[in-house]
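Enquirer: First the structure, which I've put down as structure tokens, then a few questions once you've had a look.
The values are calculated or read from the model by the stated rules, or taken from the named source; none is laboratory data. Predicted model only: the values in this text are computed from it and were never measured. Reconstructed Cβ throughout: ideal geometry from the backbone, glycine too, with neighbour counts over all protein chains shown. We work out accessible area using only protein heavy atoms, side chains counted, and drop any ligands, DNA or RNA first. Shrake-Rupley method; radii C 1.70, N 1.55, O 1.52, S 1.80 Å.
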Amino acid sequence: MASTLGQLRQKGDAITHELSITALEPGDDASRDAAAHILFVAFDNPERYSRARITEQLTPAVQPFYRHFLIARHGDEVVGIGGIKAADWASDTHILYLSAVTEHARGQGIARALIAARIAWAMENFTAGRLLVSTARPRRFARLGFRLMGKREAAGRRLMLMEF
């Protein structure tokens with residue numbers, strides 16, 4: 001992950017040396033609670049994303065239908081969260097999901113660092129595959145090698161794919 005963060009720094013992002021991105025560990029309840037709060041506030045849709053549903057999703061799952069989360073910290077504070085999971089409907093397909101950065105830390109390249117870290121994790125753990133993401137920011141993902149799938153937009157979001 002350090003090389004990914006180094007590449008981002010070279011591009012002029014405001015990421016400081018205090019940023020670290022690590023796996024959300026199964027027994028780290030404090031980080032899980034902080035991540036759940038960030039997602040709950042960012043999504044602001046308690047009917048679809050209740051705190052209970054978010055917390056349940058943050059519980060890791062193992063192969064073949066894994067869920068894996070990375071958290072971004074400035075010092076000791078959790079400032080971002082990003083998930084990746086196996087698609088249960090297509091082999092060798094992984095989905096980037098449940099990603100958010102706390103409001104006071106936005107605009108510093110943290111979301112981009114979390115995306116890059118999840119891409120790197122998938123490529124390190126699987127020999128080949130596809131990454132899917134539904135996003136309202138297609139240019140961000142296009143710069144990272146994703147391409148648009150189809151011509152339709154749903155609820156302001158586009159489906160994008162990266163093959164590796």
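Enquirer: In region 128-145, what count of residues is obtained for those that are in a loop (DSSP other than H, G, I, E, B) and either touching a Phe, Trp or Tyr at 6+ places or on another chain (Cβ under 9 Å) or within 15 Å of S20 (Cα to Cα) (or both)? If you could, list the steps in order and put the result at the bottom.
Expert: In the first step, residues of region 128-145 are kept if they are in a loop (DSSP other than H, G, I, E, B); the result is 128-129, 136-137, 143-145.
Restricting the remaining residues to those that are either touching a Phe, Trp or Tyr at 6+ places or on another chain (Cβ under 9 Å) or within 15 Å of S20 (Cα to Cα) (or both) gives 128-129, 145.
Number of matching residues: 3.
Enquirer: Quick check on R152: is it assigned to a helix (DSSP H, G or I), at pLDDT below 95 and open to solvent by 40 Å² or more (accessible area, probe 1.4 Å)?
Expert: Working: assigned to a helix (DSSP H, G or I): no; at pLDDT below 95: yes; open to solvent by 40 Å² or more (accessible area, probe 1.4 Å): yes.
Criteria not met by R152.
Enquirer: Are any residues in region 67-93 open to solvent by 10 Å² or more (accessible area, probe 1.4 Å) and within 21 Å of F126 (Cα to Cα), and if so, which ones? Don't jump to the end; show me each part of the working.
Expert: Taking region 67-93 first, the residues open to solvent by 10 Å² or more (accessible area, probe 1.4 Å) are 67-68, 73-78, 85-86, 88-92.
Scanning region 67-93 gives R67, H68, K85, A86, D88, W89, A90, S91, D92.
Enquirer: Confirm whether D28 is surrounded by fewer than 18 Cβ atoms within 10 Å (Cβ to Cβ), at pLDDT below 95 and of a type in the set (D, E, K, R).
Expert: Values: surrounded by fewer than 18 Cβ atoms within 10 Å (Cβ to Cβ): yes; at pLDDT below 95: no; of a type in the set (D, E, K, R): yes.
No.
Enquirer: What is the residue count in region 32-51 for residues that are in a helix (DSSP H, G or I), open to solvent by 60 Å² or more (accessible area, probe 1.4 Å), charged (D, E, K, R) and closer than 23 Å to H74 by Cβ?
Expert: Count: 1.
Enquirer: Give the number of residues within region 53-76 that are under 17 Å from A100 (Cα atoms) and either touching a residue at least 40 places away in the same chain (Cβ under 8 Å) or of a type outside the set (D, E) (or both). Give the steps one after another, and end with the answer.
Expert: Here is the first cut: in region 53-76, the ones under 17 Å from A100 (Cα atoms) are 53-59, 67-74.
Still in the list and also either touching a residue at least 40 places away in the same chain (Cβ under 8 Å) or of a type outside the set (D, E) (or both): 53-55, 57-59, 67-74.
Total satisfying the criteria: 14.
Enquirer: Right, here's the next one. Out of all the residues in region 93-136, which are among the basic types (K, R) and within 14 Å of Y66 (Cβ to Cβ)? Write out each step before concluding.
Expert: Let us first name the residues in region 93-136 that are among the basic types (K, R), namely 106, 112, 118, 130.
The one that is among the basic types (K, R) and within 14 Å of Y66 (Cβ to Cβ): R118.
Enquirer: Now for a separate question. Determine whether H17 is closer than 21 Å to E103 by Cα and modelled with pLDDT under 95.
Expert: It is true that H17 is closer than 21 Å to E103 by Cα and modelled with pLDDT under 95.
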